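Working notes, beginning with the structure itself.
Every number here is computed from the coordinates shown, using simple stated rules; none is lab data. As the structure is a prediction and not an experimental result, all values here were calculated from the model. Positions of Cβ are generated from backbone atoms using ideal geometry, with glycine treated the same way; all protein chains shown enter the neighbour counts.
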Ligand code: FES
């Protein structure tokens, strides 16, 4: 799917909500399916400590899989969503606290441009900060569409076992849970179809 002219690097997206500094380490995370080796490469240790951008190669990422990176001490999830997952998202709006992501602190504006329910530059690829917005635990990814003990109408998403907050596959928080806002989306852009730079906004992005 086209990425709507947001491919080129530029400068820094310094979002209020993304503030920590730490080493940057690439890592492969496990989704509900087996995860292949995914190549990633990162800047020098000195640059890492300064919170330099992180580059992710998503060319081997398959539907339902998650690549886990680290940027500024935060886990960054890159998840390939299936068509079924994408089609299920609008139907969840009535159960969510902020389905259109109107709270601007939760994400850069450009990820809402194509479809606010997807919260992504490319529909199928979701990029999120993997920390619960309640107290910062790391939610579990439960990506299958199937009834779960905590939600018989589950359409896939993230479940935080700490205090049972739930988020959909766009990181949108459900009503009636402790987490106050949606999962955060970090600044990022596509260098090419399979390369994402975490920490840098697309050229010309507001
Ligand atoms: S930290 Fe996730 S629900 Fe409390």
With contacts defined as alpha carbon pairs under 8 Å and 6 or more residues apart, what's the relative contact order of the range 122-206 in percent? 23
Sorted from fewest to most neighbouring beta carbons within 10 Å, what does the list 137, 160 look like? 137, 160
Based only on other Cβ atoms within 10 Å, what is the fewest-to-most ordering of 150, 118? 150, 118
Listing 188, 134, 163 from the residue with the fewest other Cβ atoms within 10 Å to the one with the most, what is the order? 163, 134, 188
